[in-house]
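A short worksheet on the structure shown next.
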């Protein structure tokens, strides 16, 4: 925590990014950060202090942990201090006023890279089926006509 404090303090004085590889708002894909949402589950670390000062600080700490896939920053309220949760999995976010959650920069990059590839033959068929361009495959049931008629 002392190392993080020194990095953030140096960044404030010099105007340089606090952590190498820290997410810059221009680098974060739209949808990777969601305001008024939080995540549950597989909390790797729950941090307070400087990491809990802002969503940006929380995201920056996540980039320094290889196991971190997502993060959630919650503002403080009466009797509770602000906190930063680092998650080992990117669970589905849920509405939580005052919270900010996001994906790690490495997970965001993998998602962006995957979205740039062309769809496979199976994916194209599913997309065409969803668009109604082709009829869905007929599925055979084990029931015979006489079983359905009750005879």
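Could you say which residue among 120, 115 is out of contact with any strand residue (DSSP E or B) (no Cβ under 6 Å at 6 or more places or on another chain), loosely packed, with under 10 Cβ neighbours inside 10 Å and modelled with pLDDT under 85? Give the steps one after another, and end with the answer.
On the way: 120 fails: modelled with pLDDT under 85.
Of 120, 115, the one residue that is out of contact with any strand residue (DSSP E or B) (no Cβ under 6 Å at 6 or more places or on another chain), loosely packed, with under 10 Cβ neighbours inside 10 Å and modelled with pLDDT under 85 is 115.
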Those residues of segment 93-126 which are touching a helix residue (DSSP H, G or I) at 6+ places or on another chain (Cβ under 7 Å) and assigned to a strand (DSSP E or B), in sequence order: 100, 102
Residues being closer than 23 Å to residue 111 by Cα and either at pLDDT below 90 or not in a strand (DSSP E or B) (or both) - total across segment 58-92: 17
Matching residues, segment 58-104, being over 17 Å from residue 40 (Cα atoms) and surrounded by fewer than 21 Cβ atoms within 10 Å (Cβ to Cβ): 63, 64, 65, 66, 76, 77, 78, 79, 80, 81
Cross-chain or 6+ apart pairs with Cβ under 7 Å, segment 106-134 first and more than 30 Å from residue 64 (Cβ to Cβ), then at pLDDT 85 or above: 119/127; 134/128
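The values are calculated or read from the model by the stated rules, or taken from the named source; none is laboratory data. Please read these numbers as outputs of a predicted model, since none were measured by experiment. Because the Cβ atoms are built from the backbone with ideal geometry, glycine has one as well, and the counts that use them run over all protein chains shown.
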